[in-house]
Amino acid sequence: MYALSSAQMRALEDRCAEAGIRGFTLMENAGRAAALAINGTIPVKGKKCVVFCGSGNNGGDGFIVAAELKKLGAEVQVILCFDLPKGRTAREAYEKAYAAEVPMVDLAISPYGCELAMSGVDIVVDAIFGTGFHGELPARAKAACKMINSAIAAVFALDLPSGVETDSFRSDADCVRADFTVVFDSLKPSHIMPLTAKLCGNICIVDIGIPSEFKENLTYRYALVNEALASSFLPVRALDSNKHDHGYLLLIAGSRDYIGAAVMASEGAKRSGVGYVCVASVDEVCRMVASKSPECVFLRLDENENGRMDLLSFGRLQKAMERATAICIGPGLGIDDDTRALFASVLENAKCPVIIDADGINILSENINVLDSVTVPVVLTPHIGEMARLLAVDSQSILNDRYELVGNFAKRYGVTVVCKGYRTFTAPAAMGAYMNTTGNAGLAKAGSGDLLSGIIGALLAQGLAPEKAASAGVYYHGKAADLCQAELGQMYMQPMDVAHYLSKAYPKL
Ligand SMILES: NC(=O)C1=CN([C@@H]2O[C@H](COP(=O)(O)OP(=O)(O)OC[C@H]3O[C@@H](n4cnc5c(N)ncnc54)[C@H](OP(=O)(O)O)[C@@H]3O)[C@@H](O)[C@H]2O)[C@@H](O)CC1
Ligand SMILES: [K+]
């Protein structure tokens, strides 16, 4: 499911106008559909309803809702938060409510009248601001939002809760906290981003008469990754295919101190459809992976005095790199001069997509500009702490502004970034974000990231575009964790258990 930005919504409105569909027709459709959605949730007949209207088109929708709710038998009042609408379309809507004899009270002139209107209210409709809102709520709107939030009533927001920005995921501290949001035509980015999504309550999307063909060629900026989208990204397995048709993942992972990372990454990879998993590592790691995954092939590299891969082995690695259709580097690698040089050589010589995880990310953050000379697609899978290191800021700054910071980083370096954490999201090199909908706190354990990098690596190796491999990988990793949690519980579950549940998570092809 995709979301449209406020600019895209405006462009659609313009396109409708060019096609002879009046703004007022869309507004009437929106208001009627919203009134029906409200009545479908809580039958309004005999109920006391208050509609807070702003002076823009969101307010215009509010006037239509007020007239429609009255028709449905509700006892309705409008609270005018600002001056009467100046725009022609919203003015027409106001006149409709006036003609329907909906009582109106002005917040600036009669605060007491507004309090009276709100006493014993059952349903509140928030039509103060919609997609036009930006910045901070003006004082009068703050007062209105406080009245809405303190009412013991069901709160329905029209399009967006007032005080929530459409595209930036910022919201005013006093914004409306809705129980339900009636969304017009399409989701907007803030409906799906976790911090603002929780302000919307339950979401109901209604058709307002914008022809669907107008949306066919839009470049979507934000996508909510659900089963339908994730499964549409998965590779198709031809009936007559053989192992060579399904890719060759070269997994450069592990060291004497971090043997398990390669075990988990290879487990994720081999359970995700790839034809070959080749593990390149020191002898002890190869032995351990072989004992768990006899299906893998191995490239044993010399071990240096720190128990890490020795740069002198790089010649042998290069041969495997020629064959690889994707490379995953980083899990359990450790950091020293050899692994730094090994990492730099892999980036320099890779001819296929590369996924960089864990210590690969830590090495990269020492000199992020090496990405400027990389010509193959790159996927990075940092958690918040690693992302902070990549951006050289503190973790709290990332948490405050993660979509913008990570999105700008992905664009600046031309890489796909999987920013891991609560509601992991994937920022492609182009623009926007894929918001994940699966996963739980049982994944907050060492090894989960290794498993994920193996899964994404396997999907990349099968030829998926980086943002599709990353967002589908994150989705099925999270779905497997949700299935695992349901049977084993968050305390007990381990990444290797999650790998087992991939069998139930992936669609049966
Ligand atoms: N797209 C469609 O097809 C359809 C859309 N419809 C409806 O239109 C809604 C969008 O309407 P809208 O553009 O008039 O903006 P709205 O949210 O009512 O705000 C009003 C004005 O407030 C202003 N403003 C902003 N921030 C402010 C601040 N901090 N403090 C003070 N003022 C501030 C800002 O003016 P600005 O400051 O930018 O000059 C803005 O223009 C949309 O959500 C949906 O409900 C439907 O009718 C059906 C068809
Ligand atoms: K609103």
**Where only alpha carbons of the chain are counted, the Rg and the Dmax (Å)** = 27.1, 86
**Item:** Under-5 Å amide H pairs with G275, H placed in peptide plane, nonlocal only
**Value:** H246, G247
**Asked** With the other protein chains left in place, how much accessible area per residue, in square angstrom, belongs to the chain at a 1.4 angstrom probe?
**Response** 41
**Sites K411 and R316, calculated FRET efficiency, Cβ-Cβ separation with R0 60 Å, nearest 0.05** = 0.95
**Message:** Could you derive backbone 3J(HN,Hα) for the stretch 174-185 from the dihedral phi with the Karplus parameters 6.51, -1.76 and 1.60 (θ = phi - 60°), listing whole Hz in sequence and x where the residue is Gly or Pro?
**Reply:** 9, 4, 5, 10, 8, 7, 9, 10, 8, 9, 8, 6
**Item:** Where Cα atoms sit under 23 Å apart: lysine pairs in the stretch 2-219 separated by 8 or more or lying on different chains
**Value:** 21
**Considering only the chain, percent of DSSP beta bridges that pair antiparallel, nearest 5** = 15
**Message:** Given bins 10 angstrom wide, list per bin the percent of all Cα-Cα distances in the stretch 2-219, short to long.
**Reply:** 9, 38, 38, 13, 1, 0
**Asked** FRET efficiency for A465 and A7, Cβ-Cβ distance as r, R0 = 30 Å, nearest 0.05?
**Response** 0.75
**Request:** Positive end of the charge dipole of the chain (Lys, Arg +1 and Asp, Glu -1 on Cβ, about the Cα centre): tell me which of L399, L333, G463 has its Cα farthest that way.
**Result:** G463
**Request:** Name all residues of the stretch 242-281 having a backbone nitrogen under 13 Å from the label point set 7 Å from the Cα of S503 along its Cα→Cβ direction, giving them as ranges.
**Result:** 271
**Fill in**
With a 1.4 angstrom probe the carbon and sulfur portion of accessible area for the chain, in percent, totals 52
**Fill in**
Any lysines whose Cα falls less than 27 Å from that of K351, other than same-chain ones fewer than 8 residues away, would be K243, K270, K319, K411, K420, K468
**Prompt:** For a label point 7 angstrom out from the Cα of R91 toward its Cβ, which stretches of the stretch 14-51 have the backbone nitrogen within less than 19 Å?
**Reply:** 22-28
**Item:** Projected label distance in nm at M431 and Y220, using a 7 Å step from Cα toward the beta-carbon
**Value:** 1.6
**Prompt:** What accessible surface, in Å², does a 1.4 Å probe find on L158, ignoring ligands, DNA and RNA and rounding to the nearest 10?
**Reply:** 0
**Asked** Hey, got a sec? Which trypsin sites (Lys or Arg not before Pro) in the stretch 258-353 land in a DSSP loop and have at most 13 other Cβ atoms within 10 Å?
**Response** K351
**Efficiency of FRET from Cβ geometry, A173 and R287, R₀ 60 Å, rounded to 0.05** = 0.60
**Prompt:** Which length gain, in nm to one decimal place, applies between Y112 and A486 when the Cα-Cα distance is subtracted from 0.36 nm times their residue separation?
**Reply:** 129.4 nm
**Message:** Apply the Karplus curve 6.51 cos²θ - 1.76 cosθ + 1.60, θ = phi - 60°, to the phi angles in the stretch 143-156 and return the couplings in whole Hz, x for Gly and Pro.
**Reply:** 4, 5, 4, 5, 4, 5, 5, 8, 6, 8, 7, 7, 9, 10
**Fill in**
Computed for the stretch 1-145: size of charge dipole around the Cα centre, +1 on C-beta of each Lys and Arg, -1 on C-beta of each Asp and Glu, debye to nearest 20, value 160
**Item:** Spin-label model distance (nm) - S231 vs A139, 7 Å beyond Cα toward Cβ
**Value:** 5.6
**Rounded if a/c under 1.5, otherwise prolate or oblate - the stretch 71-189, Cα gyration tensor axes** = rounded
**Request:** Just name one of M147, I208, G62: the one whose Cα is farthest towards the positive end of the charge dipole of the stretch 2-219 (beta-carbon charges, Lys/Arg +1, Asp/Glu -1).
**Result:** M147
**Message:** From the phi angles alone, apply the Karplus equation (6.51, -1.76, 1.60; θ = phi - 60°) to the stretch 341-351 and give each ³J(HN,Hα) in whole Hz, x where the residue is Gly or Pro.
**Reply:** 5, 4, 4, 4, 5, 4, 4, 5, 9, 5, 10
**Request:** Count neighbours as other Cβ atoms within 10 Å of each site's Cβ, and list the chymotrypsin sites (Phe, Trp or Tyr not before Pro) in the stretch 400-509 that are DSSP loop with at most 14 such neighbours.
**Result:** Y422, Y492
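The values are calculated or read from the model by the stated rules, or taken from the named source; none is laboratory data. What you see is a predicted model; the values in this text were computed from it and never measured. FYI the Cβ positions are ideal-geometry reconstructions off the backbone, even for glycines, and counts take in every protein chain you see. Please note that ligands, DNA and RNA were not included when accessible areas were found on the heavy atoms of the full protein model with its side chains. Shrake-Rupley method; radii C 1.70, N 1.55, O 1.52, S 1.80 Å.
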